[in-house]
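None of the figures in this text is laboratory data; all of them are computed from the coordinates on show. Small disclaimer: the values here were computed from a predicted structure and weren't measured.
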Amino acid sequence: MGRVKKIHVNEVNCKGCEICVAVCPRGAIEISPDLSKRGVYPPRVRDLSRCTGCKLCELHCPDFAIAIEVGSENVDSKAG
């Protein structure tokens, strides 16, 4: 698995259920103190370095409102 590059939150789809925050084992996301245009408190990145890329938040979101972007690791295929 590569390094986590970004946590994407689709505030249009998010209903503010907080499931993503509850299932994150490392506390990488939190609820924003700001209301979205939909009138809910969406998740936001608390600390990207804490995200392991497990995608539990993405898998449990009932509205497909959160996605983890993972970059590939730079592996030298000639090493060894």
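For region 58-70, putting each phi into the Karplus relation 6.51 cos²θ - 1.76 cosθ + 1.60 with θ = phi - 60° gives couplings of 5, 5, 8, 5, x, 10, 6, 9, 9, 9, 9, 9, 10 Hz, in residue order, rounded to whole numbers and with x for Gly and Pro. Close amide-amide hydrogen proximity is noted between K5 and E69, V70, G71, each under 5 Å apart and 5 or more residues distant or on a separate chain (H modeled in the peptide plane; Pro and chain starts excluded). By the Cα gyration tensor, region 31-71 has an equivalent ellipsoid whose semi-axes, rounded to whole angstrom, run 20, 13, 8 from largest to smallest. Within the chain, all pairs of alpha-carbon atoms sorted by distance into 5 Å bins from zero give the percentages 3, 17, 25, 22, 14, 7, 4, 3, 2, 1, 0.
Pairs of lysines in the chain whose Cα atoms sit within less than 28 Å of one another amount to 10, provided the residues are eight or more positions apart or on different chains.
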